Amino acid sequence: MNWKNGCIWAAAALLACGSFAAAQTQPADSARIDQLIKQLTSGDEQAAATARQELLSLGEPARAALEAHLKAKSTLENTLNAIETQRVAGPTLVSLDLKDATVEAVMAELSKQSGYEIRPYNDNSFQQANLPTITLGADKKPFWEVFREFCTMAELNYYNGGTNDRAIKLVPTNQGGQNFWKAPSVISGSFYIYALSIQRNNSVDFSGAAVVQRSVNLNLGILVEPKVKVMAYAYQPTLQSAVDDKGNSLMPANAGPARMRNSRSNLSYGNRGSMWNANVQLVYPEKNPGSKIALLKGSIQCVVQARSATVEFADLKAKDVTKEVGGRKVILRKVARGSDQRLNVSLFISSNGGGDDRGDSVSLSVASFKLLDEKNNEYTFQGMNNTSSTGEGIDATMAFVRRDNDGGVGEPVKLVVELPVSTQEIDIPFEFRDLTLP
């Protein structure tokens with residue numbers, strides 16, 4: 001809490017705890033009280049002390065004004081947080097007017113408007129599939145809404161290769177992949193939440209009291225637009241309501257009215273690329289159970305990159321060059337050629353100093369590394385290897401390759417490193433209705 005806020009809270013605390021009992025209440029106009037509140041938060045300690053004493057003497061009118069001021073401040077902070085969340089994880093809006101377009105043409109237009117890499121999971125998959133032409137219109141609709149409609153019409157599935165690749169890869173339905181688009185789903189900002197599967201379990205522990213335990217586990221999948229870099233996430237959502245179609249509560253006994261929100265230390269850290277899973281644990285009624293989950297409402301917690309900063313190294317022949325970005329040191333140890341096509345870039349990135357031991361490795365995993373030639377053509381980034389962590393930071397080697405199909409990339413002349421410098425906690429709301437119980 002900063003000094004200005006501390007003054008407001010201190011005055012409010014004095015008002016609330018009855019300091020007016022010994023004070024003489026005097027008539028006061030609202031303009032004077034507003035002036036005193038401004039004086040209280042001016043940063044001038046002597047003026048603030050004088051204002052505090054006068055506010056104490058004014059009694060109930062000052063209390064009401066301070067409470068209104070605090071309420072307005074809280075509303076402003078909540079609105080500011082909502083604006084920041086919208087900036088970081090609001091939906092990308094897409095507009096299309098395509099008639100009898102090829103699948104490749106639709107993908108190209110979606111890629112252009114979203115800025116995302118959308119491509120087949122391999123170069124030959126579409127050629128063998130005999131995919132239909134697409135007629136699709138959309139006017140500033142959320143990306144996932146348009147993308148789901150496109151994939152359904154084109155008979156394409158989302159391909160999860162199990163990597164942190166931020167590209168969106170697609171595979172024809174007759175060649176595999178997971179068809180998320182048929183599952184019950186919720187679009188929430190940049191997130192697409194779908195109900196993947198549900199299981200009911202009954203068990204008896206004969207070594208204990210032989211009590212029958214009945215539970216329901218609902219598996220959720222979360223897709224995220226590639227622009228959102230998720231650094232930490234919850235496997236267990238926060239629940240607000242869970243009830244079947246006969247009115248039985250399905251909330252776990254330890255959840256109370258809502259499951260406790262996870263602290264950051266209980267979140268799972270790591271770069272999940274563009275998807276991860278969550279598990280909703282529910283109870284199954286002992287008597288007169290329903291056949292459906294009539295309502296399941298809650299939210300999924302995650303931490304995402306809010307802002308980043310960039311640093312460039314223009315002399316790739318120099319060694320141990322140190323630069324600062326976002327309060328952190330980045331040291332270019334060396335650039336070594338592994339083969340005619342491969343380059344290894346050794347870096348050291350200092351700790352973020354945020355008190356979160358896992359934050360350094362996670363921030364490195366969502367960071368961006370670009371090796372460019374003199375025309376800003378990019379080498380293909382193949383990932384990190386030989387990483388080691390100390391209390392001071394992380395040493396890592398980045399692998400880049402120049403491929404024949406990279407459009408004639410020249411000799412490297414510049415390394416660009418983009419690191420997260422701030423994070424944002426986000427609760428992703430969801431609401432499902434009429435999910436069939438097994």
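Observations on the model:
- Cross-link check: pairs K112/K182; K246/K297; K182/K246; K73/K141; K140/K414; K73/K227 evaluated at a Cα-Cα cut-off of 28 Å; pairs beyond the cut-off: K73/K141; K140/K414; K73/K227.
- Other residues whose C-beta falls under 13 angstrom from the C-beta of L66 contribute a net charge of +1, scoring Lys and Arg +1 and Asp and Glu -1.
- Computed accessible area, R148, all protein chains, 1.4 angstrom probe, square angstrom: 70 Å²
- Estimated inter-spin distance, V321 and Q382, nm [label 7 Å along Cα→Cβ]: 2.3 nm
- Surface composition of segment 39-94: carbon plus sulfur atoms contribute 56% of the solvent-accessible area (1.4 Å probe, protein chains only, all chains present).
The values are calculated or read from the model by the stated rules, or taken from the named source; none is laboratory data. Just so you know, these numbers come straight off a predicted model, no measurement behind them. Heads up, the Cβs are rebuilt from the backbone with ideal geometry, glycines too, and the neighbour counts pull from every protein chain shown. Please note that ligands, DNA and RNA were not included when accessible areas were found on the heavy atoms of the full protein model with its side chains. Shrake-Rupley method; radii C 1.70, N 1.55, O 1.52, S 1.80 Å.
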